[in-house]
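*Asks:* Got a structure for you, written out below as structure tokens; questions coming shortly.
The values are calculated or read from the model by the stated rules, or taken from the named source; none is laboratory data. Just so it is clear, the structure is predicted and the values come from calculations on it, not from any experiment. A quick note on method: Cβ atoms are made from the backbone with ideal geometry, for glycine too, and the neighbour counts reach across all protein chains shown. Just the protein is used for accessible areas: all its heavy atoms, side chains included, with ligands, DNA and RNA removed. Shrake-Rupley method; radii C 1.70, N 1.55, O 1.52, S 1.80 Å.
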Amino acid sequence: MHKSQLAGFIIDCDTADLEAAADFWGQALGLGLDRSDDPAEANYIGLQTDPDDLHIEVQKVSHPSRVHLDIETDDIEAEVARLEALGAKRISDIRRWVVMEAPTGQRFCVVRAARANFAERANRWDSQGNK
């Protein structure tokens, strides 16, 4: 058995000025910015949300700008297998997450669980991928 739920939205920005992009989205959504001092996180600026709310961050990318969603899970490989059985394709493994593509072409990521409400609110899947 494993669990998963919608984690949040990532705003992919093909920009040289991530700070300006994050500032726009923070003001547009009425959310403060949550910057990291970690050099490995230089291409990401989070927007401040409550621990139970969806995670939203702005990401600097080298592909056309778009929005993608993240699915959080307590077992990345089990969730990837469940989604592959539904028709998704594994595209690549990046650091701590897996990039996937839906049968209709949208990219999304499977990430480690982080939301405060994960244990109580996430969907529970058996080994066959059934709820």
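*Asks:* Give the number of residues within region 93-116 that are more than 16 Å from the chain's Cα centre (by Cα) and open to solvent by less than 90 Å² (accessible area, probe 1.4 Å). First the steps, then the outcome.
*Replies:* So the first thing to find is which residues in region 93-116 are more than 16 Å from the chain's Cα centre (by Cα), and the list is 103-105.
Subsequent filtering for residues that are open to solvent by less than 90 Å² (accessible area, probe 1.4 Å) retains 105.
Selection size over region 93-116: 1.
*Asks:* Is it the case, given these coordinates, that I45 is open to solvent by less than 80 Å² (accessible area, probe 1.4 Å), within 20 Å of A119 (Cα to Cα), within 16 Å of the chain's Cα centre (by Cα) and not small (G, A, S)?
*Replies:* no
*Asks:* Let me ask something else about it. Restricting attention to region 74-92, does a residue exist that is open to solvent by 30 Å² or more (accessible area, probe 1.4 Å), in a loop (DSSP other than H, G, I, E, B) and touching a helix residue (DSSP H, G or I) at 6+ places or on another chain (Cβ under 8 Å)?
*Replies:* yes
*Asks:* Is it the case that region 8-29 has a residue that's open to solvent by less than 80 Å² (accessible area, probe 1.4 Å), in a strand (DSSP E or B), closer than 14 Å to F108 by Cα and touching a Cys at 6+ places or on another chain (Cβ under 8 Å)?
*Replies:* Scanning region 8-29 turns up at least one residue that is open to solvent by less than 80 Å² (accessible area, probe 1.4 Å), in a strand (DSSP E or B), closer than 14 Å to F108 by Cα and touching a Cys at 6+ places or on another chain (Cβ under 8 Å).
*Asks:* Still on this structure: Name the pairs whose Cβ atoms lie under 6 Å apart, with the first residue in region 110-131 and modelled with pLDDT under 95, the second part of a helix (DSSP H, G or I), and 6 or more positions between them or separate chains?
*Replies:* G129/R82; G129/A85
*Asks:* Right, D38: more than 14 Å from F9 (Cα to Cα), among the charged types (D, E, K, R) and surrounded by fewer than 18 Cβ atoms within 10 Å (Cβ to Cβ) or not?
*Replies:* So D38 passes the test.
*Asks:* While we're looking at this one, here's another question. Looking only at residues in region 48-73 that are charged (D, E, K, R) and under 17 Å from K3 (Cβ atoms), which one is most open to solvent (accessible area, probe 1.4 Å)?
*Replies:* D52
*Asks:* May I ask you to list pairs of residues, at least six apart or on different chains, whose Cβ atoms are under 7 Å apart, with the first in region 66-81 being within 27 Å of A22 (Cβ to Cβ) and the second being open to solvent by less than 60 Å² (accessible area, probe 1.4 Å) and among the basic types (K, R)?
*Replies:* E72/R115; T73/K3
*Asks:* So G105 ticks every box in (1) outside any loop (DSSP other than H, G, I, E, B); (2) of a type outside the set (S, T, N, Q); (3) within 21 Å of Q59 (Cα to Cα); (4) without any contact (Cβ under 8 Å) to a residue 12 or more places away in the chain but one. Which box is left unticked?
*Replies:* (1)
*Asks:* While we're looking at this one, here's another question. Please name all residue pairs, on different chains or six or more residues apart, with Cβ atoms under 7 Å, provided the first residue is in region 25-54 and is β-branched (V, I, T) and the second residue is open to solvent by less than 60 Å² (accessible area, probe 1.4 Å).
*Replies:* Pairs found: I45/L18; I45/A22; I45/L33; I45/E57; I45/V58; T49/L31; T49/I56.
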